[in-house]
1. Using modelled backbone amide H atoms (1.01 Å from N, in-plane), which distant-in-sequence or interchain residues come within less than 5 Å of B:Ser181's amide H?
2. Using only atoms on other chains, find how many Cβ atoms lie within 10 Å of each Cβ of peptide A:73-82 and report the average.
3. Considering every residue in B:154-166, what mean count of other chain Cβ atoms within 10 Å of its Cβ is obtained?
4. How big is the dipole moment of the protein assembly as shown about its Cα centre under a simple scheme where the beta carbon of each Lys and Arg is +1, that of each Asp and Glu is -1, and everything else is neutral? Debye, nearest 20, please.
5. In degrees, nearest 10, range 0 to 90: what is the angle between the Cα axis of helix A:24-35 and the longest Cα principal axis of chain A?
6. From Cα pairs below 8 angstrom and at least 6 apart in sequence, can you work out the relative contact order of chain B, rounded to a whole percent?
7. Return, ordered by residue number, the residues of segment A:16-58 whose backbone nitrogen is under 17 Å from a label point located 7 Å along Cα→Cβ of A:Thr68.
8. Defining a contact as two alpha carbons under 8 Å apart and six or more residues distant in sequence, what relative contact order in percent does chain A show?
Amino acid sequence: MERPQAPLELRLYVNGHAPESAGVEERLHLLFASVGLEFTVEVIDVNEQPDRADEDRIVLTPTLLRLTPPQLRVAGDLTDLEAALDGLGLRVWSQRQAMA
Amino acid sequence: MSISPVRKISTGIPGFDAMAHGGLPEGRTTLVAGSAGAAKTLFASQYLAGGIRDFDESGVFVTFEETPLDLRRNLISLGWDIEAWEEAGKWRFVDASPDPAQDVTLAGAWDFGALMARITRAVEAVDASRVVVDSLGAVFSEFSDSGRVRRELRRLVRALRDLGVTSIMTVERTTEYGDVSRWGVEEFVAEDVVVLRNILEDEAARRTMQILKFRGTTHRKGEFPFAIINDRGIVALPLADSALTDLQSRADRIDSGNDELDAMTGGGPFRDSITLVSGATGTGKTLMVTEFMKGGARNGERCLLFAFEESRAQLIRNARGWGVDYEQMERDGQLQIVAAYPETASLEEHLVRITDAIRDFEPHRFALDSLSALERASTPRGFRHFVIGITSLLKEQQVTGLYTATTPSLMGGASVTESHISTLTDAIVLLRYVEVQGQVKRAISVLKMRGSAHDHDIREITIDAEGMHIGALFTNVDGVLSGAPRQLGPDEVEVVGTQG
């Protein structure tokens, strides 16, 4: 598999009022650093832009959308790193890293 | 200290508001629990539709299960154009149904922040006062962490209260009786609980609804039958025994259509009474119905006849044979005949039709011929509900009622129908065949006449082109009612006298 050159496009829905959403951006950076990939992220607070959440049919916060195909969704504060890697389709890069 | 009473808001679901003494408690969340197929989604949808249609109140439908597309399609068959209401800003979906094309992987702690923000936005956008969340079961099955789901739903209930809306949450249950729901939801949506049931008894399905609790406010107790009717949706039948005793009995009497019978009953049936006529086939039950209708017509009263045994044409022909012109009575607006087969609809649907007809036609008299035909296609419990339903409606509307019941054996004995409902009726008239001196004769007896003296004799009846005639006593025959008549010694004068 070709290593993506362009940064992965992401969209992150957070609930500015809730502890679940605090620290999720920081963990997102750590997660991508662990696989050595670049990303860009648009962060949306559902309380400020509920219509955006409606368009994307978001129920849970935080929810991370991978917009670069394949389109994938991960919900939760990303404290479960393994599940997050699987959910974003990044597991393969994590293994390459480990072998390198 | 003053206690502010709980206000109720009308649901627009026919019959439910009467059960609920006004409707759902305002500003709270009512849990609507039911097994699969119990019509929870319909109940919830009808609550929103009723708000828009009857009160110009907007609603928000949060769906966890079916897509808005499916819901629009299903509900249009009931005559509710959801799309038009959406365009008019009266109805708004919050689509939380699972997207089959895109799974969500859970990676850590989460909350319903996005959902709540969307619901809040939707409520504000259409200025909604009603919200539906359908269904909590789907939420629990989608998100495995049920402890977290419970916590988030509790927050959702609080958020809905803060929004000032009156809402319904639906939830699945696995049994018709027992635990309210599978997930212990009632722990946090505990104030107001309604249960919908779809009970299979003796191979017949029966739907009922029951308000289990309304905190701090009253409601009718017990299970009430309901039907799902095309173009109308859920129609509940909130009629119960209580209605039978609540009402003031009226002492005036009416013309039964047969003077001799009126003499036997001490002056004719009371205006708000129900009479049961029981007898084997051919003893004259349908004739008594016809006389009852005739009595109405000659006193300028409107009569409603529900016939479940004979066709319209047969009824008209029979009546003509006894000197009663049903067609003329119909033309004069004094009679409405509804002939139906018992098997074409559930008992609840028949009850809805009868109720509608009584409300529309506003008859003074109502006859149902026969209860036994309906009983064959139902369960004992369902049948009792049905009879209670009609009886209480008739009493409420001060309509005089006449039911017929068919005894299975030709020579008497009690009918099944009779034993089930005799306590609900005010008067019972028995019609029997009697074998006397090698001849089959018909006998009539007034077994019960609540609130009045009555004749205790067993008399012979004859039938001719002018109807029914009540004649002499069977003084020398014993055991007529039990179906085993016994001659007590010949009385030539009487035998000769009645043969003519």
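1. For B:Ser181, whose amide H was placed from the backbone, the distant partners under 5 Å are B:Glu186.
2. Average neighbour count from other chains, rounded to a whole number: 5.
3. The per-residue average across the peptide is 0.
4. So the dipole magnitude of the protein assembly as shown works out to roughly 740 debye.
5. 10
6. 14
7. A:28-43
8. 34
Throughout, read-outs are computed from the coordinates displayed, never taken from laboratory work. As the structure is a computational prediction, the values presented were derived from the model and not from experiment. Every residue, glycine as well, gets a Cβ built from its backbone with ideal geometry; the counts of neighbours run over all protein chains shown.
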